[in-house]
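The values are calculated or read from the model by the stated rules, or taken from the named source; none is laboratory data. Since the structure is predicted, the reported quantities are computational estimates derived from the model, not experimental observations. Ideal geometry is used to build each Cβ from the backbone, glycine not excepted, and the neighbour counts take in all protein chains shown. Heavy atoms of the whole protein, side chains included, go into the accessibility calculation; ligands, DNA and RNA do not. Shrake-Rupley method; radii C 1.70, N 1.55, O 1.52, S 1.80 Å.
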Amino acid sequence: MGVLKFIRDNYYISIFYFFFIFIYIFIMGIDKKFLAKKAPSTASASAGARKLVGSAGAKPAAKATAVVATKKPVIAASKKSNIEQPKKKVAVVQQEESESEEDDEEFVSAEEDIPSDEEDETTEKNQLFEDSDDEKLNSNTKAFSDSNKGWLKPSKRDKDGDDESEEEEEKLTAFEKKSINAAKKRKQIEEDNTIDIQNQMAIDREQRDETSSEQEEDESEEESDEDNVLPSGEKIEEEQVLGVDLQEVYQRIKDIINTLDNFSKERKKGMSREDYMTRLRDDLATYFGYNTFLIEVFLKLFRVSECLEFLEANETQRPLTIRTNTLKARRKDLADALGGRGVHLEPIKWSPVGLTIYDTQVAIGATPEYLAGHYIQQSASSFLPVVALEPQPGERILDLCASPGGKTTYVAALMKNTGTLVANDINEERMRSLVANIHRLGVKNTIVSNLDGREYPKTMGGFDRCLVDAPCVGLGVIAKDQQIKLSKSQRDVDLCVNMQKELILHAIDSVDAKSPTGGIIVYSTCSLTVEENEGVVDYALRNRDVILLDTGVEFGVQGFTAYRHHRFHPSVALTKRYYPHTHNMDGFYVAKFKKISNEIKTKKAQEQENDQEDEQDYEDDEEEEVESGSEDQEGESTSSSNELEELTPQKIVKKQKRDNTPKINSHEAKIKKIQQEKQQSLQQKTKTSGKNKYNKKPTQPKNNNKKKVVTKK
Amino acid sequence: MRKLTEEETKVFFEKLIKFIGRNISLLIERKDEAHCFRVQKNKVYYVNEETMKKAQSVPRDSLQSLGTCFGKFTKTGKFKLQITCLDYLAQYAKYKVWVKPQSEMSWLYGNNLLKAGMGRITEDTPANQGVVLFSMNDVPIGFGTTSKSTQDCRKLDPTAMVVYHICDVGEYLRDEDTLF
């Protein structure tokens with residue numbers, strides 16, 4: 001009422017006041033944004049100041065962090081530095097307040113006990129409202145009885161909602177300071193108008209209520225041992241508008257990870273793991289600059305703490321490595337020559353041709369040795385598929401996705417420039433670097449073709465070995481190309497997976513299983529998603545008669561056999577994964593196949609297989625018995641009826657399941673089985689024992705005769 | 001991909017003989033593996049026959065390279081040797097020039113070789129003779145044409161040009177876009 005009266009009485013003056021207030025808010029807002037952007041530390045300082053207004057601030061805050069420090073000294077230290085900075089500001093603000101508002105002195109002293117911690121604030125709404133009520137009772141609305149409390153709650157809530165828009169919430173300090181100043185001036189101009197001042201103070205108090213409620217939250221968090229690391233909704237909104245304080249976000253990431261690692265103990269009541277994960281995801285995305293899809297992918301792939309390590313590893317470059325071209329030079333000579341040019345290097349232990357460059361005074365891509373083709377700049381991870389491929393002199397080898405030629409030239413070097421190497425790449429732009437590298441390194445046995453990889457084996461087939469370094473989303477090489485962080489989506493993954501599946505089938509078809517020395521296919525990607533790696537390998541296992549071999553590289557993490565809802569063939573464990581944070585090389589995936597026969601499974605047979613694999617779990621023993629009986633019959637008869645044919649694979653797999661046959665068979669055992677199989681098919685399919693049978697085998701002889709395409713050399 | 005016509009063969013071999021002389025016969029009739037020259041998109045490739053046969057199944061438009069590229073025919077029918085053939089030239093070269101380490105980089109940037117930068121030269125090198133240049137530790141770094149014979153070189157002052165630049169390995173970097 002006082003305000004209204006004042007406005008009515010001094011219309012122009014009040015307009016001037018409001019205008020002044022508005023300008024002040026605006027200036028403070030800009031100031032704060034600028035600070036937040038310019039220097040995170042100062043931003044955090046101002047943020048600290050904002051939250052500590054009205055409280056004693058620095059001292060209790062230090063106390064609070066000291067409590068934390070017993071647990072996490074490093075974190076506490078960082079917090080202290082954050083909090084100590086705002087000291088002065090807080091003190092200044094406090095002075096102003098105490099001058100202007102008599103009532104507030106009580107208020108401040110009351111609050112002095114309350115520790116505050118800027119990192120720890122969450123929405124505890126109940127507390128928030130209770131606190132605000134208490135203060136109202138203390139300072140202004142002493143007339144209210146306890147029974148009014150209940151009535152006051154909703155009104156406070158309304159005030160929160162209505163009076164303060166999002167922006168005002170963000171600029172609490174600004175608004176407070178402004179209001180305090182305004183109050184001062186009013187005092188000076190019209191000393192007798194006390195009602196008005198009281199009103200103003202009431203507004204102040206309400207705002208202070210909020211800060212104090214935040215502090216109250218902080219306090220409660222201290223009690224629950226700092227496990228409330230999730231920020232409030234307000235805070236999130238604030239970050240959206242003001243920009244984030246990266247230090248703060250990083251701290252929060254650490255805290256959430258700590259909480260998640262010890263979830264049952266540290267969690268806050270009512271917060272599910274999902275809440276924490278969502279927050280963590282958003283924070284990681286903010287801090288490292290990824291889109292949320294990629295963060296989700298990584299969070300599914302790694303434990304949370306490992307995920308953080310991985311993301312941090314992506315911020316630093318991998319060591320520069322070169323590969324000696326053994327066609328032209330020896331590693332020792334090269335190391336000496338480069339050492340003479342002021343290059344600090346060291347041999348890679350696991351590779352006979354690799355060198356790691358630690359420090360160089362000359363451009364490593366422009367030394368006379370480089371131009372003479374004595375080495376090529378190549379990441380350590382891309383040695384791996386070639387090591388797995390084990391090219392032999394005199395073979396025919398296909399490199400399906402060859403550019404820019406690092407792996408191709410390595411293959412050629414291992415072949416000692418004999419035999420034939422076909423290097424293919426679809427991209428015409430990348431052709432130049434491929435051809436240039438091949439010529440510079442003195443590779444003479446190569447045919448370079450610019451075709452879609454899927455043109456093979458139509459163009460050429462019957463290779464001894466094939467290397468597929470499939471195009472991929474590139475999640476392993478984020479350190480090299482930061483654009484990946486934001487540009488990739490599920491759609492990109494799907495597109496790549498599609499391409500990869502086609503390529504690997506074509507690669508397998510291009511290889512001749514009867515090759516005396518080879519029959520090897522190596523599949524590699526520089527990506528990390530399971531869809532692109534294990535998924536594709538499993539797809540190949542289902543669709544072609546291939547088995548997985550050990551890659552021949554000693555280190556590396558074994559591939560997933562189970563990932564979320566996916567269940568892959570157990571032998572997928574033989575494939576290898578490489579991560580930036582564990583192996584200090586680009587993220588990579590290598591799988592090595594051995595082709596067993598040239599048969600291709602038809603869609604129909606495969607569908608059946610898949611179907612009954614799904615159904616397996618629901619089958620009864622009884623059914624199995626019945627069917628195994630019928631299988632016997634079928635085995636004896638040489639019938640060609642579709643019905644029986646379709647039933648066969650199902651039964652056998654069921655039987656196999658019942659027998660609990662070990663699924664990973666050694667290569668030799670497999671070949672034996674195939675031979676057995678063939679004999680059996682020749683003997684007009686006499687009874688199949690059904691034991692120790694790889695689930696795909698039984699269908700082959702039959703289909704072989706009827707509908708399967710056989711690739712011929 | 002096709003064989004060289006008679007005209008082309010003549011032009012090409014003339015050029016090659018400037019550098020390797022009679023050793024060209026060693027290139028054509030190799031004892032280890034039968035090799036041949038083939039033209040693909042105006043470029044001449046030197047490749048062993050087995051690889052060549054396999055390359056026949058690749059569509060002509062998509063065939064980017066096979067074996068080693070020796071150079072290309074210009075529109076006017078002349079032949080231009082490219083740096084990619086350096087390995088073979090170095091292997092069969094009749095006349096060689098060794099370059100001092102301090103002049104090496106200058107040569108790699110495409111400059112002519114001065115007397116000061118010449119470390120060694122084959123005896124009896126005539127003037128205007130194709131020579132292959134080596135660094136002092138026997139790494140081939142390009143080829144060019146002599147301006148003076150060995151005898152004359154001895155009398156020259158250090159700033160005089162000795163070898164005119166034709167190709168150097170620096171072209172792998174400088175001309176990657178046009179070379180391939």
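Of the residues making up segment B:11-60, those that are on the phi > 0 side of the Ramachandran plot and not in a loop (DSSP other than H, G, I, E, B) number 1. Would you say A:Ile295 is touching a residue at least 40 places away in the same chain (Cβ under 8 Å), open to solvent by less than 20 Å² (accessible area, probe 1.4 Å), assigned to a helix (DSSP H, G or I) and out of contact with any strand residue (DSSP E or B) (no Cβ under 8 Å at 6 or more places or on another chain)? No; evaluated as a whole, the condition is false for this residue. With respect to the conditions (1) within 14 Å of chain B (Cβ to nearest Cβ); (2) crowded, with 17+ Cβ neighbours inside 10 Å; (3) over 32 Å from the mean Cα position of the chain (by Cα), A:Val362 lacks only one, and its number is (2).
When residues in segment A:452-466 are screened for being within 36 Å of the chain's Cα centre (by Cα), crowded, with 22+ Cβ neighbours inside 10 Å and part of a loop (DSSP other than H, G, I, E, B), 1 of them pass. Scanning segment B:3-22 for residues that are in contact with a helix residue (DSSP H, G or I) (Cβ under 7 Å, 6 or more places away or on another chain) and open to solvent by 60 Å² or more (accessible area, probe 1.4 Å) turns up just one, B:Ile17.
From B:Gly117, B:Gly170, which residue is under 16 Å from the mean Cα position of the chain (by Cα), within 14 Å of chain A (Cβ to nearest Cβ) and of a type in the set (Gly, Ala, Ser)? Answer to the check: B:Gly170. I'd like to know if segment B:62-70 contains one or more residues that are in a loop (DSSP other than H, G, I, E, B), in contact with a helix residue (DSSP H, G or I) (Cβ under 7 Å, 6 or more places away or on another chain), in the same structural domain as B:Gln151 (by TED's automatic domain parsing) and not polar (S, T, N, Q). Scanning segment B:62-70, I find no residue that is in a loop (DSSP other than H, G, I, E, B), in contact with a helix residue (DSSP H, G or I) (Cβ under 7 Å, 6 or more places away or on another chain), in the same structural domain as B:Gln151 (by TED's automatic domain parsing) and not polar (S, T, N, Q), so the answer is no.
Just wondering, is there one or more residues in segment B:137-152 that are closer than 30 Å to B:Leu4 by Cα, touching a His at 6+ places or on another chain (Cβ under 8 Å) and more than 10 Å from chain A (Cβ to nearest Cβ)? Checked against the condition, which is being closer than 30 Å to B:Leu4 by Cα, touching a His at 6+ places or on another chain (Cβ under 8 Å) and more than 10 Å from chain A (Cβ to nearest Cβ), segment B:137-152 yields at least one hit.
For segment B:1-10, the condition holds for at least one residue, the condition being that it is in a strand (DSSP E or B) and at pLDDT below 95.
Residues in segment A:348-359 that are buried (at least 18 other Cβ atoms within 10 Å of the Cβ) and within 16 Å of A:Lys328 (Cα to Cα): A:Val353, A:Gly354, A:Leu355.
Scanning segment B:52-84 for residues that are at the interface with chain A (Cβ under 7 Å from one of its Cβ atoms), under 18 Å from A:Leu441 (Cα atoms) and of a type outside the set (Ser, Thr, Tyr) returns B:Gln64, B:Leu66, B:Gly67, B:Cys69.
If you filter segment A:443-467 down to residues that are under 15 Å from A:Leu503 (Cα atoms) and of a type in the set (Ser, Thr, Tyr), you find that the one that is nearest to the other protein chains (Cβ to nearest Cβ) is A:Thr459.
Selection of segment B:23-51 for residues being more than 22 Å from B:Leu179 (Cα to Cα), within 12 Å of another protein chain (Cβ to nearest Cβ) and open to solvent by less than 20 Å² (accessible area, probe 1.4 Å) yields B:Asn48, B:Thr51.
Looking at segment B:90-101, can you tell me whether even one residue there is outside any loop (DSSP other than H, G, I, E, B), away from chain A (no Cβ under 11 Å) and exposed (fewer than 15 other Cβ atoms within 10 Å of the Cβ)? No, segment B:90-101 contains no residue that is outside any loop (DSSP other than H, G, I, E, B), away from chain A (no Cβ under 11 Å) and exposed (fewer than 15 other Cβ atoms within 10 Å of the Cβ). Looking at this structure, is B:Val163 away from chain A (no Cβ under 14 Å) and closer than 28 Å to A:Gly340 by Cα? Yes; evaluated as a whole, the condition is true for this residue.
Taking segment A:365-386 as the range and being within 12 Å of another protein chain (Cβ to nearest Cβ) and assigned to a helix (DSSP H, G or I) as the test, the residues that pass are A:Pro368, A:Glu369, A:Tyr370, A:Leu371.
On the given criteria, is B:Gly144 in a strand (DSSP E or B) and surrounded by 19 or more Cβ atoms within 10 Å (Cβ to Cβ)? Answer is yes for this residue. When A:Leu345, A:Leu384, A:Leu400, A:Leu320 are screened for being in contact with a Leu (Cβ under 8 Å, 6 or more places away or on another chain) and in contact (Cβ under 8 Å) with a residue 24 or more places away in the chain, only A:Leu400 passes. Taking each residue of segment B:101-122 that is under 16 Å from B:Asp138 (Cβ atoms) and in the same structural domain as B:Ile83 (by TED's automatic domain parsing) and looking for partners that are of a type in the set (S, T, N, Q) and assigned to a loop (DSSP other than H, G, I, E, B) with beta-carbon atoms closer than 8 Å, six or more apart or interchain, yields nothing.
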